[in-house]
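Some notes on the structure that comes next.
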Amino acid sequence: MVRENNDRRFYAVATLLLVVFTFLLNHLIEQNKLVEQVNKTRVTPSEQSTKTVLTASVPVNISMANFQLPTPSEMNVSSRQVTAQTTQASSQKSTNRKLSQKSTHTEVKQQLNKMTKMNGDMLQLKFPDSISKTEAILQYMHNCIGIDLAAYTGKNLIMLKQRQASHSPLLRIASGHMTQIEHSLLELYASQHLLARLYPMWFDMRLSQKIHEYSAGADLQKFSGVYQLKGQTLWLHNINMNNKNVSESWLLADAENCLKQ
């Protein structure tokens, strides 16, 4: 009788362990599928994780004291493109005014559309290795450029912070350092999802213009560059295009582009 009871307990424990193991295995499989889906389907620049911590800081006068948590709203988008609302006439004129005589608005827009079809590994816009420099650049992007935030579910975007009427179709999935605000919003509203940074159209149109003019319209196969903050100007340096180094740095944003606080 005692042996029979012991056998029953053994089978009960074994069954319970099997159920727990199966649940954990299925959970890991689902997580891996989500990561694989993002890596395969996203067509946007990957944002490089930072590894080296440096104490040197970049001086930048930016305040987040007046930030308030917004009420999140869900909008459906494909995994390849953020749905853009109609750009206001004044915004369109401003974008056209930023383009030089060397490239037409149509050419630059076509270049940007081609970039959205590139695999994430082939199109990389990276942050510095220094966390302090990355933090300063992200603060600049939030307060000056006016980037918005969303949680990427694998199929949809859940908007976490929105100030822009329309966004660039290049969706950045954050894979490294996040600011305190980014981390707080993601944890509060969508902790199980990935953070996506949405940039205003003019920002990526300027990048697209630089690429189109430097390449003379040639087909873009691979591109990478590292953000660099100089005072109140944001640059892209260490540029490599189609496995060839670009000797110059490109200005992406300056004081004239900053949002009115």
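The values are calculated or read from the model by the stated rules, or taken from the named source; none is laboratory data. Predicted, not measured: the structure shown is a model, and the values here were computed from it. As a convention, Cβ positions derive from the backbone with ideal geometry for all residues, glycine included, and neighbour counts pool all protein chains shown.
What tally of residues in segment 203-261 results from selecting those that are part of a helix (DSSP H, G or I) and touching a Cys at 6+ places or on another chain (Cβ under 6 Å)? Final tally of qualifying residues: 0.
Conditions (1) modelled with pLDDT of 95 or more; (2) in contact with a helix residue (DSSP H, G or I) (Cβ under 8 Å, 6 or more places away or on another chain); (3) of a type in the set (Val, Ile, Thr); (4) closer than 23 Å to residue 114 by Cα, marked per residue:
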| position | (1), (2), (3), (4) |
| --- | --- |
| 178 | yes, yes, no, no |
| 230 | yes, no, no, no |
| 235 | yes, no, no, yes |
| 241 | yes, yes, no, yes |
| 256 | no, no, no, no |
| 260 | no, no, no, no |
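Taking the numbered list (1) within 15 Å of the chain's Cα centre (by Cα); (2) closer than 26 Å to residue 119 by Cβ; (3) at pLDDT 90 or above in turn, residue 183 passes all entries but (2). Within segment 155-173, the only residue that satisfies the criterion of being over 14 Å from the mean Cα position of the chain (by Cα) and surrounded by 20 or more Cβ atoms within 10 Å (Cβ to Cβ) is 164.
Quick one: would you say residue 134 is in contact with a His (Cβ under 6 Å, 6 or more places away or on another chain), at pLDDT 95 or above and assigned by TED's automatic domain parsing to the domain that holds residue 247? Against the criterion (in contact with a His (Cβ under 6 Å, 6 or more places away or on another chain), at pLDDT 95 or above and assigned by TED's automatic domain parsing to the domain that holds residue 247), residue 134 qualifies. The C-beta contact set for segment 123-139 (first residue closer than 29 Å to residue 111 by Cβ, second residue buried (at least 19 other Cβ atoms within 10 Å of the Cβ) and among the basic types (Lys, Arg), distance under 8 angstrom, 6+ apart or interchain) comprises 125/172; 127/133.
Listed by first and then second residue, the pairs with beta-carbon distance under 6 Å, at least 6 apart or on different chains, first residue in segment 191-214 and farther than 19 Å from residue 180 by Cβ, second of a type in the set (Val, Ile, Thr) and part of a helix (DSSP H, G or I), are 202/95; 203/145; 205/95; 205/108; 208/108; 209/108; 212/108.
Look at segment 138-154 and say how many of its residues are within 12 Å of the chain's Cα centre (by Cα) and within 17 Å of residue 234 (Cα to Cα).
3
Among the residues that make up segment 202-210, is at least one of them out of contact with any helix residue (DSSP H, G or I) (no Cβ under 7 Å at 6 or more places or on another chain) and surrounded by 18 or more Cβ atoms within 10 Å (Cβ to Cβ)? Yes.
Every condition in (1) under 24 Å from residue 116 (Cβ atoms); (2) in contact with a helix residue (DSSP H, G or I) (Cβ under 8 Å, 6 or more places away or on another chain); (3) buried (at least 19 other Cβ atoms within 10 Å of the Cβ) is met by residue 224 except one, and the failing one is (2). Is one or more of the residues making up segment 171-184 assigned by TED's automatic domain parsing to the domain that holds residue 139 and under 23 Å from residue 110 (Cβ atoms)? Yes, there is a match, as at least one residue in segment 171-184 is assigned by TED's automatic domain parsing to the domain that holds residue 139 and under 23 Å from residue 110 (Cβ atoms).
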